[in-house]
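The values are calculated or read from the model by the stated rules, or taken from the named source; none is laboratory data. All values reported here derive from a predicted model rather than from experimental measurement. Cβ placement follows ideal geometry from the backbone for every residue including glycine, while neighbour counts extend to all protein chains displayed.
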Protein chains: 2
Amino acid sequence: MRVALLAGGTGGAKLADGFARVLAPGELSVIVNVADDTELHGLRVSPDIDSVLYTLAGLLDRTTGWGVAGDTRTALGMLERLGAERTWFQIGDADLATHVRRTQLIRDGASLTDATAAMAAALGITARILPASDDRLRTMLQTDAGELDFQDYFVGHRQEPEVRGVRLDGLDAARPTPAALAALAEADLVVIGPSNPVVSIGPILALSGMREAVAASGAMAVSPIVAGRALKGPADRMLASLGEEVTAVGVARRYAGIVRAFVLDAADAALASEVAALGLEPRVLPTVMRSDADRDALATALIQGGGILNR
Amino acid sequence: MRVALLAGGTGGAKLADGFARVLAPGELSVIVNVADDTELHGLRVSPDIDSVLYTLAGLLDRTTGWGVAGDTRTALGMLERLGAERTWFQIGDADLATHVRRTQLIRDGASLTDATAAMAAALGITARILPASDDRLRTMLQTDAGELDFQDYFVGHRQEPEVRGVRLDGLDAARPTPAALAALAEADLVVIGPSNPVVSIGPILALSGMREAVAASGAMAVSPIVAGRALKGPADRMLASLGEEVTAVGVARRYAGIVRAFVLDAADAALASEVAALGLEPRVLPTVMRSDADRDALATALIQGGGILNR
C-alpha cells in the first residue's frame, strides 16, 4: 500500500507520522512544501522539511509544534552578540545543526532531495521525505506591512499583518522533482494533508505539472479547517483576508478539480452536502490529531477509504 | 605606545589580554596565526583567532583554555545524529555560532581580516585582531600516524603521534595581509608571544616578507618553554621529536636573527648567557600568567623594556 502525502509542517507532518507507523517501511512518501525555505546566517533553512524530519524521528517539540524537544538557545545568543541579522528567528542549537548539515551537503553538491534523504536516513526514518522541488521557490505575501517573505511574515511579524495576496517567487523556473512526481504516479493513495491550503499546499500544487499529477491520482484531501477555525497557524485568517470562505467548504473549493474526495471533520458533517455540490466526494472522519493514537487512526481510516459517507 | 603582538591561541592570547588592558584603546594589534584553521561541517573555523576573540571579550572558558565559558553542546549531538564527520572536534553551541557568522561574512565577500574586525567590534573589542594572512595556509604535520592536518593531530589524535616534520600547505601562494605588515611597521614595540614556536609562531614568520618585517622592528620574543616544559600544549614534545632542544634556549635558537631580545622566565635565569651567546639580548621576567594581574604585569614589563638584565 503505497501512500503519497502532500504536507506542510504542522497537520501534514502529524498525519505523516500516523502513516509512517501504520504502513510498512518505505511505503510512505511525503511530498513537502519548500516555499517557506529561507536563508538564515548564510544557512539553508527548510522549516517544513525539518518539521517532518523531526516529527518522524520523534524529535519534534510537541509543546511549540516546531523545533527539537529540549533544544537549547546558546548559539542564538552568540549570534546576537556577533551582530547577526534576523535573530528574531529563534533557532535552537540542534535546529542550527540541522541547517549547518543541510547547507554543507548542498554546498558539497547534493540536491535538496539528496540532502534530505541522507539526513532522514541518518535519523532512522524509513519514509521517503521528498521536497516538492529542488529549485528555488519562495512564498511572498502581500500584506498591510508590505510584501514580506514567508518567514518574515510568519516569525518576524508574528503573523500579525493581514495577507492580501500571495506571490510565488521563482515559480516560472521551478519544477517538481522527478522523485515527487514518481511518488504520485506510483502511489495507491494520494492524500493532501491538513496543512495550510494557501502557503503549504498551494506552493506544491502550483509547480508545473503537479496539479495534473495529483488530479490523475484520484487523491483525497483532509480539511485543515475544523468548525471554521485552523487547528494551528494563520490559515483561517489568511482565507478570510483573501476573501475566501473560512470553512472546510472554502478549502474544498480550492481543491475542486484536483482531488476526488474531501475529508471533513466530524464537527463539520453538516457541510458534506456543500462539499458534494462542488463535485467532491465528502468523507466525514475524526481529523483532529491530539495524540499518536489519533494520528494512527486517521491514517488507517484514510487507507481504508475514507469514512462513513462512502460506505 | 603602539604594540604589535604575534600570537597563537594560548599564551599569546593571554598576553594580548594583558596588553589590551594596559594600553589605550586601539594601541594593540594582535597578528594571529591562521595555519590551524580548518573546515568543519562546511564552516570556516579559525581556532587561534577565536581564542583571541574570546579572551579579549572575556568569554573564554578558562578551565579548558579554549571555547566559550558555559557553552552547551546541543548542536554537536545533533550533528552526530545527522551523520556529520569530524565530530571529534567538540564544538560548543556558542562556538558554532562564531563559525557560522564568520562563514557567512566571508561568503558574503568579506576577507578574513574584515570578518574578524566586524566580529571583534560586535564583541566590544578595541584591539585590532589581524589574521596573519587572508590566504589559505594550513599546517600539515608528518607524524608516526602519517601526515595529519593540524586539527586532526591536535584534536582528532589528541596530540599523541610524534611529530617528525612540518609542512605549510599553501605557503607559496599565501601572503601576509597589508594590515599585519602595517601594524609591524607602525608599532613602537613588536612582541612574539609565548605561543608554540613550531605551529603558532612558525606559520606567521614563514609568510613571505614577515620574517624581515619582524626583524626590522627590533622585536622581542617571550619564551613559551619554562623550566624545560611547555606551559600548555605539545610545544615541548614537538621540539623534542623534531630534534631541537626543549628549553627556552631551543626556542631562542629559532628566533635568532629575527628578534633583538628574548624574554626568559625567572625560573630559567641561568640560561641567560646561552641566549646571549645566540646574539639575543636576554631579559628575565616572571612570564607565567596564572591571573589577570600576571598578564597585566608581563605586558607592563615588556612595554617598559623587558626586565632586569637590560636595566
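Restricting attention to segment A:108-146, the residues that are of a type in the set (Ser, Thr, Tyr) and in contact with an Asp or Glu (Cβ under 8 Å, 6 or more places away or on another chain) add up to 4. If only residues of segment A:83-102 that are within 7 Å of chain B (Cβ to nearest Cβ) and surrounded by fewer than 24 Cβ atoms within 10 Å (Cβ to Cβ) are counted, the one that is nearest to the chain's Cα centre (by Cα) is A:84.
Close Cβ contacts (under 7 Å, 6 or more residues apart or on different chains) running from residues in segment A:1-30 that are over 14 Å from residue A:302 (Cβ atoms) to residues that are assigned to a loop (DSSP other than H, G, I, E, B) and of a type in the set (Lys, Arg) comprise A:10/A:232. Listed by first and then second residue, the pairs with beta-carbon distance under 6 Å, at least 6 apart or on different chains, first residue in segment B:243-256 and over 12 Å from residue B:268 (Cα atoms), second β-branched (Val, Ile, Thr), are B:251/B:225; B:252/B:275.
Quick grid of which residues meet (1) over 26 Å from residue B:117 (Cβ atoms); (2) surrounded by fewer than 24 Cβ atoms within 10 Å (Cβ to Cβ):
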{"position": "B:190", "(1), (2)": "no, no"}
{"position": "B:201", "(1), (2)": "no, no"}
{"position": "B:218", "(1), (2)": "yes, yes"}
{"position": "B:223", "(1), (2)": "yes, no"}
{"position": "B:230", "(1), (2)": "yes, yes"}
{"position": "B:243", "(1), (2)": "yes, yes"}
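When each of B:147, B:162 is tested for being more than 9 Å from every other protein chain (Cβ to nearest Cβ), touching a Ser or Thr at 6+ places or on another chain (Cβ under 6 Å) and not polar (S, T, N, Q), the lone residue that passes is B:162. Taking the conditions exactly as written (out of contact with any His (no Cβ under 6 Å at 6 or more places or on another chain) and more than 14 Å from chain A (Cβ to nearest Cβ)), does residue B:156 satisfy them or not? So residue B:156 fits the description; yes. One residue stands out among those in segment B:45-76 that are surrounded by 21 or more Cβ atoms within 10 Å (Cβ to Cβ) and charged (D, E, K, R): the one that is farthest from the chain's Cα centre (by Cα), which is B:71.
Selection of first residues in segment B:116-140 that are within 14 Å of chain A (Cβ to nearest Cβ) and buried (at least 22 other Cβ atoms within 10 Å of the Cβ) and of second residues that are among the basic types (Lys, Arg) and not in a loop (DSSP other than H, G, I, E, B), restricted to Cβ pairs under 7 Å at least 6 apart or on distinct chains, gives the following pairs, ordered by first then second residue: B:119/B:101; B:119/B:102. Which count do you get for residues in segment B:267-295 that are in a helix (DSSP H, G or I) and either β-branched (Val, Ile, Thr) or modelled with pLDDT under 95 (or both)? Residues in segment B:267-295 being in a helix (DSSP H, G or I) and either β-branched (Val, Ile, Thr) or modelled with pLDDT under 95 (or both): 1 in total.
Scanning segment B:152-179 for residues that are under 30 Å from residue B:1 (Cβ atoms) and either hydroxyl-bearing (Ser, Thr, Tyr) or within 14 Å of the chain's Cα centre (by Cα) (or both) gives a single hit, B:177.
Would it be correct to say that residue A:56 is more than 10 Å from every other protein chain (Cβ to nearest Cβ) and under 24 Å from residue A:202 (Cβ atoms)? Answer is yes for this residue.
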